[in-house]
Amino acid sequence: MVKKENRLLLLASLLKRTMKEEQEIQDLIVQPLDWGYMAGQLYHHRLTGYFLRGTTPEQQKGMHSELIRNMKLLVRAQRQATIYLFGVIKSITEAFDKANIRYAGLKGLVFNYSIYNPGDRRSNDGDFLVVEEDLSKVDKALRELGFIQSLYRNEEFTEATRIEKMIQRMNYHDLVPYVKKSDSELFDKLEIDINFHFDSKNNDITKKVLEYGTVTYGQSPDTITGLPWPTHMAHLCSHFFREATDTIWTETKRDVLLYKVVDIMNTFRLEEEKSKLEEWVHLMQELNLDKVCYYTLYQLRQFYDDDNLDYLLPLLEPEDTSFLDVIHVSGKDEATITRQVSFYDSAFDLSYPLAMK
């Protein structure tokens, strides 16, 4: 049986809801609920802003007053942080444009300029997709803005070693992050992640994705160049699959932070036309991303009932689905383990060891 608190926070975090879902929220929110449990889940999964936006003032009257005050305070801080980041990102994109760097903002950079209001979502960094040939220009542009490449261990801003940079570049889809000290009390550091593999080094489709096109999100002066819905959705699926199937993320349960699930679902519901969704399936097959998209939508279905999810899953389903519970052991080429707890149950289990970060 689905815990009613879990159901409420998942539904209230959606942007586009059916009338049935709206009624279910209303039915749930007037019941006796464990608001201590709810607070823990909302704070841990970064869903506070989503939840406040997704519930009405009248519905919020039934919540504990101290909880509402604390949630609203957090959202105000997130709003100020997002506005501050807009300025940082603007200086970076202006430098990229000046250097003729081909780029697209990813994930939070798209969300904060499009479907979410400032304060809804907490962003810790900025992600960009670039082509590998432009990496030297990216490095020059970011260093001129005061960034260095650093793993930021023990809160120290020290340049990563040449070996650390090589390991990151060879084994992952991105570079050692570019960081610099923040002049805002809301951030200890500013971090920019540069991705040059859209999917993986074995599926090198970055140029093809950027040639598919980019669009402008936001309203002047706060805008960002990003990917259109088909490739934006594809990247969310690819990124989700990567984190959910490697112990470097699963050991610390970073794979099951629910804001990622909600972000993907909110993005998925932006396109409702079945013909467009079918075109998307064909594009994913062309980009060799149908497997990772099937994986992501399959996991998404554990959290949300959705007719379009049910429609697309059979179109994407591969012959062999044994990979759904397989997790690669980081650093060991052929070693794997099997996921023992469902994605859903793992996400809502906050029984973390003290040392987990």
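Accessible surface for the stretch 243-344, divided over its residues, is 48 Å² per residue with a 1.4 Å probe. Here are several values of log10 I(q)/I(0) by the Debye sum over Cα atoms at q = 0.07, 0.14 Å⁻¹: (1) -0.31, -1.36; (2) -0.30, -1.21; (3) -0.40, -1.35. Which one was derived from the coordinates shown? Among (1) -0.31, -1.36; (2) -0.30, -1.21; (3) -0.40, -1.35, the one derived from this structure is (1). Ellipsoid semi-axes for the stretch 57-168, based on the Cα gyration tensor and the rule √(5λ), read 35, 18, 12 Å when sorted largest first.
Reducing the stretch 195-248 and the stretch 129-165 to their Cα centroids gives an inter-centroid distance of 20 Å. Packing here is the average count of other Cβ atoms within 10 Å per residue, and on that basis the peptides 222-231, 156-165, highest first, run 222-231, 156-165. The gain in end-to-end length when the Arg153 to Asp204 segment is fully stretched comes to 15.3 nm, 0.36 nm per residue minus the alpha carbon separation. In the context of the full set of protein chains, residues of the stretch 22-144 present 45 Å² of accessible surface per residue (probe radius 1.4 Å, heavy atoms only).
Label positions at Leu186 and Val30, each projected 7 Å from the Cα along the C-beta direction, are separated by 3.7 nm.
Extending 7 Å from Cα along the Cβ direction at Tyr172 and again at Asp307 yields two label points whose distance is 4.2 nm.
When the C-alpha to C-alpha distance is required to be over 26 Å, the pairs from Lys20/Lys291; Lys3/Lys61; Lys90/Lys274; Lys140/Lys165 that qualify are Lys20/Lys291; Lys90/Lys274.
Distance from the Cα centre of the stretch 296-357 to that of the stretch 12-71, in angstrom? Distance between centres, Cα-based: 26 Å. Listed values for the stretch 40-55 are Karplus-derived 3J(HN,Hα) couplings in whole Hz (6.51 cos²θ - 1.76 cosθ + 1.60, θ = phi - 60°), namely x, 5, 5, 5, 4, 8, 6, 9, 4, x, 4, 5, 5, 5, x, 10, and x replaces Gly and Pro. Spin-label model, Asp97 to Ser322: label points 7 Å out along the Cα-to-beta-carbon direction sit 5.2 nm apart. By DSSP, the beta bridges lying fully in the chain are antiparallel in about 75 percent of cases. Ignoring any ligand, DNA or RNA, what whole percent of the accessible area of the stretch 157-256 comes from carbon and sulfur when the probe is 1.4 angstrom? Reported share for carbon and sulfur atoms: 48 percent.
The values are calculated or read from the model by the stated rules, or taken from the named source; none is laboratory data. Quick caveat, the model's predicted, so the values are computed rather than measured. Note that each Cβ is placed from the backbone with ideal geometry, even for glycine, and that neighbours are counted across all protein chains shown. Note: areas computed on protein heavy atoms with side chains; ligands, DNA, RNA excluded. Shrake-Rupley method; radii C 1.70, N 1.55, O 1.52, S 1.80 Å.
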